[in-house]
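Trainee: Sharing a structure, written as structure tokens. Questions coming.
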Amino acid sequence: MSRRDIASGKRAGAQGGGEGEIDLTPMLDVVFIMLIFFIVTSSFVKEPGVDIVKVEAVTTDACERGTIIFAVNALGDVYYDKNQIPVERAYRLAEAAKKEAPKANFVIQADVDAPTSVLSELLGVIKPLMDAPLCASTIDEG
Amino acid sequence: MRKTNRNADADEAEIDLTPMLDVVFIMLIFFIVVASFLKEAGIEMNRPESNQNPPESDATSIVVTITGDDQVWMENRRIDVRAVRANIARLLASDPEQSFTVKTEPGATAGTLLEVGDAAREAGVKQVNWPAEVKK
């Protein structure tokens, strides 16, 4: 603990300022990998944005790539992307969504009290665009 | 002499990665924020093609009808929703390859429909068919 130590420390610090830059390459690698991961996994789901009471089901399975989501509430109103829509418009919205993400499948979130007549009509409207069975959203009971 | 010069050049002329790093970080944060890890789960309902034969003409098919007041009918009698699974399992025991169809009448609710679909899947049917409702 003398002037010599302090002096030498100072000297080392001054020298390190030029040479001792942190190598950013490994961090950059990690950041790039994270970036690519998030780009690949992000699915840009448009949520219907309406509160519904889902049915509990024992056989609930994951909806594979179910990212085009319509919701039907207890009154029979159809929601998509936080807006209430008429059933007839569902086809054009579904078509646009399908064009954006050709591998996406359809999901309908139906309230426990939603009338099946509206569901049936909605399903009939989007049926021509579907290439997998409809996924009716439920809660896993088990 | 020249060699030394070139060496010095190579040392100095490193590309400054900072601006790219900034951009990459902003993209990373954007995608983290946007990525919604929302996993929908549910049961699959198949809508048969309308030009197919109506299921009642098919001898080996289980048909459950949900009336407009949410009553569940099967084999010409009314059954409780909770009894659907047992009834379907009994019918499937004789022929496990039978197709299953749930029909709804206007006025039925999605809750009953999905409960019946769930019960059928639990009983072991491969696919729940739900044809379009007949408009009255």
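Trainee: List the number of the failed condition for B:Pro106; all other conditions in (1) more than 14 Å from B:Thr60 (Cα to Cα); (2) assigned to a helix (DSSP H, G or I) hold.
Mentor: (2)
Trainee: Tell me which residues, restricted to segment B:62-82, are polar (S, T, N, Q) and either surrounded by 15 or more Cβ atoms within 10 Å (Cβ to Cβ) or within 13 Å of chain A (Cβ to nearest Cβ) (or both).
Mentor: Of everything in segment B:62-82, those that are polar (S, T, N, Q) and either surrounded by 15 or more Cβ atoms within 10 Å (Cβ to Cβ) or within 13 Å of chain A (Cβ to nearest Cβ) (or both) turn out to be B:Thr65, B:Thr67, B:Gln71.
Trainee: Mind checking which residues of segment B:15-40 are out of contact with any Leu (no Cβ under 7 Å at 6 or more places or on another chain) and in a loop (DSSP other than H, G, I, E, B)?
Mentor: Residues satisfying the conditions are B:Ile15, B:Asp16, B:Ala35, B:Ser36, B:Phe37, B:Leu38, B:Lys39, B:Glu40.
Trainee: Right, another one. Take segment B:83-136 and flag every residue that is within 12 Å of another protein chain (Cβ to nearest Cβ) and acidic (Asp, Glu).
Mentor: Result: B:Glu105, B:Glu115, B:Asp118, B:Glu122, B:Glu133.
Trainee: Could you tell me whether A:Glu88 is surrounded by fewer than 19 Cβ atoms within 10 Å (Cβ to Cβ), over 22 Å from the mean Cα position of the chain (by Cα) and assigned to a strand (DSSP E or B)?
Mentor: no
Trainee: Confirm whether A:Ala136 is within 17 Å of A:Val72 (Cβ to Cβ), in contact (Cβ under 8 Å) with a residue 24 or more places away in the chain and part of a strand (DSSP E or B).
Mentor: Yes, satisfied.
Trainee: Within segment A:26-74, how many residues are more than 9 Å from chain B (Cβ to nearest Cβ) and surrounded by 15 or more Cβ atoms within 10 Å (Cβ to Cβ)?
Mentor: Here the count works out to 9.
Trainee: Take the residues of segment A:115-133 that are free of Cβ contacts under 8 Å to residues at least 40 places away in the same chain and in a loop (DSSP other than H, G, I, E, B): which is nearest to the other protein chains (Cβ to nearest Cβ)?
Mentor: My answer is A:Pro133.
Trainee: Oh, and also: Which one of A:Gly76, A:Gly49 is on the phi > 0 side of the Ramachandran plot, touching a Lys or Arg at 6+ places or on another chain (Cβ under 9 Å) and in a loop (DSSP other than H, G, I, E, B)?
Mentor: A:Gly49
Trainee: Could you tell me whether any residue of segment A:94-114 is at the interface with chain B (Cβ under 9 Å from one of its Cβ atoms) and in contact with a Pro (Cβ under 6 Å, 6 or more places away or on another chain)?
Mentor: No, the conditions are met nowhere in segment A:94-114.
Each value in this text was obtained by applying a stated rule to the coordinates, not by laboratory testing. Given the structure is predicted, the values throughout are model-derived calculations rather than measurements. Glycine gets a Cβ as well: all are built from the backbone with ideal geometry, and neighbour counts include every protein chain shown.
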